[in-house]
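Structure first, commentary second.
The values are calculated or read from the model by the stated rules, or taken from the named source; none is laboratory data. All figures in this text were calculated on a predicted structure; none of them were measured in a lab. For neighbour counting, all protein chains shown are included, and Cβ atoms are generated from backbone atoms with ideal geometry for every residue, glycine included. Protein only, heavy atoms only, side chains kept; ligands, DNA and RNA dropped before computing areas. Shrake-Rupley method; radii C 1.70, N 1.55, O 1.52, S 1.80 Å.
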Amino acid sequence: KQEVTQIPAALSVPEGENLVLNCSFTDSAIYNLQWFRQDPGKGLTSLLLIQSSQREQTSGRLNASLDKSSGRSTLYIAASQPGDSATYLCAVKGDDKIIFGKGTRLHILP
Amino acid sequence: EAGVAQSPRYKIIEKRQSVAFWCNPISGHATLYWYQQILGQGPKLLIQFQNNGVVDDSQLPKDRFSAERLKGVDSTLKIQPAKLEDSAVYLCASSLAIRGGRGDTQYFGPGTRLTVL
């Protein structure tokens, strides 16, 4: 049974710093992995989707990597801004089942 | 392009009552998902449709939850009767396809916050 873990559960960093969010999964037989952000009281916004055959995806200040063999993905945020404050979730898709982690609550300190 | 629409945004009911949620996906998206998100948790997939057929409903509590997607477009999720533990945000999402390429990207609606008293 696939399990997705995100550590830490919460993170506070000063504005301008680079940071890394972690996502780990137990079953490497996945089709893709997707990173989302969720603002309080809102739905999820897709940030990046990495297919199982890919190693990384980039969008602006965001870079997501995938290491299937070790069951890990990272989301790198460069030059963090207060507007990046949100909960970041990763979701793994395998055998048509989609499993989410509990998320990392990120707070960027002005 | 219009996003995923959901209604109502908020609903408060008493236990044992019934409730229904509505979702209109992005035009042309074949796949529609309903998720339950309990406070502090990640979303849990309840049911996944491709067009008007069910792909996965293994985590749907079928004794009280039901969902349909008539004509492969709009969808409704119903709870009857509701329990206290059903209090959560119910999220609807859609994607172009089940598998492969950028078609897997899911687009979420704003959700319906349900409170069961």
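Note on region A:78-110 and region A:1-46: Cα centroid distance 4 Å, given to the nearest whole angstrom. Each principal axis of region B:3-117 carries a Cα extent, and these read 42, 25, 21 Å when sorted largest first.
In the elastic network of chain B, a GNM with C-alpha springs shorter than 10 Å, the most mobile of B:TYR107, B:TYR35, B:TYR90 is B:TYR107.
On association of chains A and B, roughly 1800 Å² of accessible area becomes buried (total for both chains; probe 1.4 Å).
The accessible area of A:SER70, taken with all protein chains in place and a 1.4 Å probe, comes to roughly 60 Å². Considering only the Cα atoms of the protein assembly as shown, their convex hull presents on average a projected area of 12.2 nm². Counting only protein heavy atoms and using a 1.4 Å probe, the accessible area of B:ILE12 comes to about 120 Å². For region A:85-110, a decrease in accessible area of 30 Å² or greater in the assembled protein chains relative to the isolated chain, with a 1.4 Å probe, applies to A:LYS93, A:ASP96, A:LYS97, A:ILE98, A:PHE100, A:LYS102.
Rounded to the nearest 10 square angstrom, B:LEU96 shows an accessible area of 100 square angstrom against a 1.4 Å probe.
Taking the protein heavy atoms of chain B in the context of the full set of protein chains, the accessible area attributed to carbon and sulfur is 51 percent at 1.4 Å. Highest mean packing comes first when the peptides B:39-50, A:9-20, B:18-29 are listed by Cβ atoms within 10 Å, giving B:39-50, B:18-29, A:9-20.
Think of region A:1-74 as a dipole: +1 on every Lys or Arg Cβ, -1 on every Asp or Glu Cβ, centred on the Cα centre; then among A:GLN2, A:ASN63, A:TYR31, A:TYR31 lies furthest on the positive end. Using the Kirkwood radius over Cα pairs, work out the Stokes-Einstein diffusion coefficient for region B:54-114 at 10 °C and 1.306 mPa s, in µm²/s as a whole number. In µm²/s, the coefficient is 119. A Gaussian network model of chain A, with springs between Cα atoms under 10 Å, assigns the largest mean-square fluctuation among A:GLY94, A:GLY83, A:GLY41 to A:GLY41. Summing Cβ point charges (Lys, Arg +1; Asp, Glu -1) relative to the Cα centre of chain A gives a dipole of roughly 160 debye.
Rounded to the nearest angstrom and ordered from largest down, what semi-axes does the equivalent ellipsoid of chain A get from its C-alpha gyration tensor (root of 5λ)? Before the final figure, lay out each step's value.
Numbers: eigenvalues 108, 40, 28 Å².
Computed over chain A, the values are 23, 14, 12 Å.
With a 10 Å cut-off around each Cβ of B:39-46, the average count of Cβ atoms from other chains is 5. Cross-linked pairs A:LYS1/A:LYS42; A:LYS97/B:LYS15; A:LYS68/B:LYS71; A:LYS68/A:LYS97: Cα-Cα separations exceed 27 Å for A:LYS1/A:LYS42; A:LYS97/B:LYS15; A:LYS68/B:LYS71. Under 11 Å from the 7 Å Cα→Cβ point of A:GLU3, by amide nitrogen: which residues of region A:19-47? Flagged as within label range: A:25-27. For the residues of A:44-52, the average number of beta carbons from a partner chain within 10 Å of their own beta carbon is 4.
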